[in-house]
Structures are given as C-alpha cells and as structure tokens.
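Enquirer: Before anything else, here's the structure in question.
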Amino acid sequence: MASDREFYECQSYGRKVFQVMKGHSASNLNLNMRLSAQECVLLPVDCASKDNLQISVHHKPNSRYTFNSNQKYQSDKTWILIFKQHGEKICFFIHTGKRLKFRLPFELHAARNCEIKAIIGSVLYESDVVRIIANEVNSEKLRFKSYFTKQEYQALHNRTLSFIKTLPGKFHTIDYLYRNKSEMYFASVREYHSGIMKPYTKDHNGDPCSVINGHIDGLFFSTAVDFQTMKPLPESLYGPVRLHIDAITLFTPNFNLYFADFFCHYRVHYVTVVLTPKRSPTDQFCERRLLKLDIRHNPFIYLSETKEDFYEVIVYLSNGLRVEVFYTEAVNISRIIENQQGHFERVPIIGRGESRPTGIPKNGLCKICNL
C-alpha cells in the first residue's frame, strides 16, 4: 500500500462501501452517515494520528455535547467527524466552517465511554461509494465519558443515603475546615499571589462522570476529625502544613450547596459538596447540572443557627464516610490570619504526602458507590 494513500474500508452488508483515503482533490457534500459498530473495525476513529489538531468537548444539560477546536483557518474547511459511543453505532458528521464548532444532534446516554476524531479534508460521493479524503489534518482521538445528568445525581445521592444508614455515625459541630499542602505551596501563595489562595480547576479525582471535573474552579477543604478527640485528623496525606479556617468564615448563608460526587478509593467513602456564592457563574453552572442541597438541612453538612443568633457548622461524622467541601472562591490567607479566623499547624504526613496532579479515579468495582 502506498504511503501517501492510506486506505480503510468497511463493508456495509451489500448496501454501501465506505472508504477513507488520503491524497485526493477536495469536494464538499453535506453528509450524515451511521454504521453499526460491527461494520467499522478499521475506521480512522481507531487509528493513531501524528497531527497536532486538538479538539475539546463541551457539555450542556441535560446531555447535549458540542465539539470545538481553537484552530481557525482563513477559508472554510470541511470537518469530517467520526463519533462513537460505547454500545451504540458509529456516526459520521460533516461540518463546514473556518473553525470547528459542532453540536451533536442527539443526547448521549450518561456514564458511557465515547470517542471522537476529526479529519479536515473532502468528501466524494458516487452511487455506491462514499469516499472521505483526508488531505490536510487528522486529529488525535479524543476519549471522554459522558457526564451524569440530574437523574443520575439523584440516583447517586440515594445510594449515599442508603450507605449512611449502614454506618455508625453522628452529626457533630466542627470548628474548622482545613487544607493540607506542602511548604512550597503556601510559600508560593505568599510570595507570588499576595497571600491569596486562588481556586484551580477541579481534577479527575472521584467519579469520571462527575460534571464538575475539569469544569469549575475551587479549593478542597476537609471536615474529617479524629473520633476520640473530635479535632481534625492528626496526620495528612497531602502535605505537612495545615491551614485551619473557622468553618463559619467560609460556610455562610449567602452561599449555595450542591451534591457533586460519592466515591471511594477502596477503603473510605467520600462525599463531595460544592459551596459557591449565590448567583455566581459557578452557582448557575451547578444549578443546571447538580443536585442542590438545603444549606440548613441535609444529610452531609449544614448551617445551624444557635440561640445567640450565631451559626455553627454541623457535619455527619463516621469512620466510613468523609465529607469534602469544594469551595469555589479565592481565600485571602493573610486576612484570615490577621483577623484571627484561622491558623497554621504542622502535621506528620503519611503515604505519598502529596496529591496526584490529575487526581485518583474512583474504585470502579465498588458495588456501593457505582451506579
């Protein structure tokens, strides 16, 4: 086979032959083809690429997806998209434009593995053959997992409640939300960010179908305590420096609270809640996609008003479950310390002593936290 004419063929049981080739002249046609998975073993969605065209996926509730590329050309191009969702048929789509912005014309099932590949080229049509001619750019294959809808979040929430019923636990007032990091991390905050701890994009820790992964920015805070002392855990997995912040400093009535994840890493189970200011862009994102919790009454963490018109933060505590708060605002550490609303403490580290840059996926075999 000649190196300048890569050829892939798929026989469609006597109806049509679909061929993918390189090195031919261009032509434009609007085309939407669908083939079964069994007929498409050698399509380019399964082939590696050496080109640098990058495509990204954007989600809009409930399950609509748009594929974009930042690459912009001076003239219109024919973008040939090859899309596959696990257990479903392969789809071909043709988009014409200077830049790729293509929305799938159907919703995706939640929690499914998906693949998409883009080719910039041309399409030739004959009575019994459709040829896709990729003579310019062939993108890498983008893999992603379709996100939970509110229906799946409700099901995951129900699983969490069922699990809680099996645990020996209780609600208890906590004094602090705390965050463990390295000395270098906090030194960088002081030196390069004027003492302001800035939110970062949520990694892929937890369930890969959680819609907050890679989409919202925030800072993780722990609520876990030692059951004997009822104080924050004496050791750290993420660094030897611990920042304590008075819980009521961050957890206030002008914030909204959302259920975002339930997962485990083979031992302890975790619940992730998002704490974000009302009517903020992140609040609007979460309201459309996540399960909203009553900040004054829910099974995980809530605000309780005392007789003296003060607030306290109440958390469900159990050895088998930990509640983590993803706080979506920047935190001015200098002001926190100056106002005596928090303090630093050194703690011994266990394990790696630092978080993984991309996070740790959940245990996919757990029968408790997987839908």
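Enquirer: Considering only region 259-316, how many residues are part of a strand (DSSP E or B) and among the polar types (S, T, N, Q)?
Expert: 3
Enquirer: Going by what's in this entry, would F92 be described as part of a strand (DSSP E or B) and over 27 Å from L371 (Cα atoms)?
Expert: yes
Enquirer: Just one of the numbered conditions (1) at pLDDT below 90; (2) under 30 Å from R322 (Cβ atoms); (3) assigned to a loop (DSSP other than H, G, I, E, B) is not true of F148; which one?
Expert: (1)
Enquirer: Oh, and also: K165 - would you say it is surrounded by fewer than 14 Cβ atoms within 10 Å (Cβ to Cβ) and in contact (Cβ under 8 Å) with a residue 60 or more places away in the chain?
Expert: Criteria not met by K165.
Enquirer: Please give the number of the condition E115 fails out of (1) in a helix (DSSP H, G or I); (2) in contact with a strand residue (DSSP E or B) (Cβ under 9 Å, 6 or more places away or on another chain); (3) more than 30 Å from D246 (Cα to Cα).
Expert: Unmet for E115, out of (1) in a helix (DSSP H, G or I); (2) in contact with a strand residue (DSSP E or B) (Cβ under 9 Å, 6 or more places away or on another chain); (3) more than 30 Å from D246 (Cα to Cα): (1).
Enquirer: For a quick check of your reading of the model, give me the residue pairs whose first member lies in region 323-342 and is in the same structural domain as R179 (by TED's automatic domain parsing), whose second is in a helix (DSSP H, G or I) and of a type outside the set (A, V, I, L, M), with beta-carbon atoms closer than 6 Å and at least 6 apart or on different chains.
Expert: T328/T282; Q341/T249
Enquirer: Another question, if that's okay. It is to be established whether one or more residues within region 245-258 are under 19 Å from the mean Cα position of the chain (by Cα) and of a type in the set (A, V, I, L, M, F, W, C).
Expert: yes
The values are calculated or read from the model by the stated rules, or taken from the named source; none is laboratory data. It should be emphasised that the depicted structure is a prediction, and the values quoted were computed from it without experimental measurement. Positions of Cβ are backbone-derived with ideal geometry, glycine not excepted, and every protein chain shown enters the neighbour counts.
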